[in-house]
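First comes the structure, then the notes that go with it.
The values are calculated or read from the model by the stated rules, or taken from the named source; none is laboratory data. Remember, it's a predicted structure, so these values are computed and weren't measured experimentally. Reconstructed Cβ throughout: ideal geometry from the backbone, glycine too, with neighbour counts over all protein chains shown.
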Amino acid sequence: MNQRPVVNWNIVGGCNYRCSYCVQKHAEGVGGPDDEALERGLDVLCALPGVWEFKLSGGEPFLLKRLPEVAARLVGAGHRVSLLTNLSVPLPVIERFITAAGHGLRTFSCSLHVEETSPQAFLAKAIAAKQLLSALPKASFVVNHVVQPGRVSAAAALRREFEAAGMKFYPQLMRINGRPAPYGLIDRWKLDRAFADLAGPGSMNRGYSHQGKACHAGFRYFILHPKGDAYACYPAKRHGENYLGNIYQASFRLNDAPQLCPYAVCPCTVPQNRGIVIG
């Protein structure tokens, strides 16, 4: 797989949803950057060498009113953007973002949270949002869904419904504090029946291990906290390790070389799907 440098930018900490199973967790008091900080951060990120993909998420990234401008600035500097949203904002807001990103848009991901919206309303909006991408041949549209213990059958039914409507449906096994949630014997049997055909991180997030493998996290991949702090990856942030500085405070720097992965679980499939993990 060709390596594609990528940044997971949790651009805001707040979210308008309060899902019980959320792995990000709503960060009270952690909104988006102010205008001055955002300008400094964009200057740093736009100057990254080569072509990077910026995966904009949160919280809910659309809580940042300047999100379309962020996309336009990054694409204008020669980079690419992707998005992860709960799809709760009005379609005209989504259209403004897609227009701003233009041909630099790569993946439009939206997460279905049945605690906050009905699958039917979400599907109707997803179909309309996907139609907005029709003029962008390099852009893909994906529906994500967390498969909760005890609700595997419901998730399997959602997969059938969304795939019948022409949607890519991406299931994610639930995690608690970075580790896989416990699924009982019946749940594991149902998971195998419903999702056994989805092999690998490009089809389903099962919580993969790359411990001991060479990884370019911190070198050709990093994550950004809403306050601008950069870490090599999500497990590194959880353990307070491999800190890369802050994009809003002029202290950011990349590592010089790949390192061996020290973590038992890689909770995010983005670096795996972009060729960041080697071996």
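With respect to the numbered conditions (1) touching a Gly at 6+ places or on another chain (Cβ under 7 Å); (2) within 30 Å of residue 219 (Cβ to Cβ), which one is the sole condition not fulfilled by residue 109?
(1)
Can you give me the ranges of the strands (runs of 3 or more DSSP E) entirely in segment 161-252 with at least 2 residues that are out of contact with any Gly (no Cβ under 7 Å at 6 or more places or on another chain) and over 25 Å from residue 20 (Cβ atoms)?
Hits in segment 161-252: 221-224, 229-231, 243-246.
Mind telling me which of the residues 250, 217 ends up being within 26 Å of residue 14 (Cα to Cα), surrounded by fewer than 13 Cβ atoms within 10 Å (Cβ to Cβ), in contact with a helix residue (DSSP H, G or I) (Cβ under 8 Å, 6 or more places away or on another chain) and of a type outside the set (S, T, N, Q)?
Working: 217 fails: surrounded by fewer than 13 Cβ atoms within 10 Å (Cβ to Cβ).
Unique residue meeting the criteria: 250.
Looking at segment 264-279, which of the residues that are part of a loop (DSSP other than H, G, I, E, B) and in contact with a strand residue (DSSP E or B) (Cβ under 9 Å, 6 or more places away or on another chain) is modelled with the lowest pLDDT? Give the derivation first.
Step one: filter segment 264-279 for residues part of a loop (DSSP other than H, G, I, E, B), giving 264-265, 267-269, 274-276, 279.
Narrowing the set further to residues that are in contact with a strand residue (DSSP E or B) (Cβ under 9 Å, 6 or more places away or on another chain) leaves 264-265, 267-269, 274, 276, 279.
Working: 264: 88, 265: 87, 267: 86, 268: 88, 269: 90, 274: 90, 276: 89, 279: 67.
Among residues in segment 264-279 that are part of a loop (DSSP other than H, G, I, E, B) and in contact with a strand residue (DSSP E or B) (Cβ under 9 Å, 6 or more places away or on another chain), the one modelled with the lowest pLDDT is 279.
Just to verify a result, which residue in segment 54-94, among those that are among the charged types (D, E, K, R) and out of contact with any strand residue (DSSP E or B) (no Cβ under 8 Å at 6 or more places or on another chain), is farthest from residue 19 (Cα to Cα)?
Out of the qualifying residues, it is 73.
Does at least one position in segment 125-141 carry a residue that is within 28 Å of residue 176 (Cα to Cα), of a type outside the set (A, V, I, L, M, F, W, C) and free of Cβ contacts under 8 Å to residues at least 60 places away in the same chain?
no
Only one residue in 42, 38, 56 is farther than 29 Å from residue 275 by Cβ, modelled with pLDDT of 95 or more and surrounded by 17 or more Cβ atoms within 10 Å (Cβ to Cβ), so which one is that? Steps first, please.
Numbers: 42 fails: farther than 29 Å from residue 275 by Cβ; 56 fails: farther than 29 Å from residue 275 by Cβ.
Selected residue: 38, the only one of 42, 38, 56 that is farther than 29 Å from residue 275 by Cβ, modelled with pLDDT of 95 or more and surrounded by 17 or more Cβ atoms within 10 Å (Cβ to Cβ).
Condition test on residue 156, is it under 25 Å from residue 272 (Cβ atoms), without any contact (Cβ under 8 Å) to a residue 40 or more places away in the chain and under 21 Å from the mean Cα position of the chain (by Cα)? Talk me through it step by step, then tell me what you get.
Working: under 25 Å from residue 272 (Cβ atoms): yes; without any contact (Cβ under 8 Å) to a residue 40 or more places away in the chain: yes; under 21 Å from the mean Cα position of the chain (by Cα): no.
No: the conditions fail for residue 156.
For every residue, the table says whether it meets (1) within 15 Å of the chain's Cα centre (by Cα); (2) closer than 27 Å to residue 34 by Cα; (3) not basic (Lys, Arg).
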position	(1), (2), (3)
218	no, yes, yes
227	no, yes, no
245	no, yes, yes
264	no, no, yes
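Can you confirm whether residue 179 is surrounded by 14 or more Cβ atoms within 10 Å (Cβ to Cβ) and of a type in the set (D, E, K, R)? Please lay out each step first, then the result.
On the way: surrounded by 14 or more Cβ atoms within 10 Å (Cβ to Cβ): no; of a type in the set (D, E, K, R): yes.
No, not satisfied.
I'm told residue 113 meets every condition in (1) closer than 24 Å to residue 39 by Cβ; (2) at pLDDT 95 or above; (3) not in a helix (DSSP H, G or I) except one. Can you identify the failing condition by its number?
Going through (1) closer than 24 Å to residue 39 by Cβ; (2) at pLDDT 95 or above; (3) not in a helix (DSSP H, G or I) one by one, residue 113 breaks only (1).
Give 89, 75, 143 a once-over and let me know the one that is assigned to a strand (DSSP E or B), in contact with a helix residue (DSSP H, G or I) (Cβ under 6 Å, 6 or more places away or on another chain) and of a type in the set (A, V, I, L, M).
On the way: 89 fails: assigned to a strand (DSSP E or B); 75 fails: assigned to a strand (DSSP E or B).
The unique qualifying residue is 143.
Considering only residues that are more than 24 Å from residue 75 (Cβ to Cβ), surrounded by 15 or more Cβ atoms within 10 Å (Cβ to Cβ) and in contact (Cβ under 8 Å) with a residue 60 or more places away in the chain, which ones fall in segment 97-115?
113
Please verify whether segment 63-76 includes one or more residues that are within 20 Å of residue 269 (Cβ to Cβ) and β-branched (Val, Ile, Thr). So that I can check it myself, show each step before the final result.
Quick first cut of segment 63-76, residues within 20 Å of residue 269 (Cβ to Cβ) only: none.
No, the conditions are met nowhere in segment 63-76.
When you look at residue 249, is it closer than 30 Å to residue 42 by Cβ and more than 15 Å from the chain's Cα centre (by Cα), yes or no?
When the stated conditions are applied, residue 249 passes them.
Pick from 124, 129: which is farther than 23 Å from residue 6 by Cβ and either aromatic (Phe, Trp, Tyr) or at pLDDT 95 or above (or both)?
Details: 129 fails: farther than 23 Å from residue 6 by Cβ.
Going through 124, 129 in turn, just one is farther than 23 Å from residue 6 by Cβ and either aromatic (Phe, Trp, Tyr) or at pLDDT 95 or above (or both): 124.
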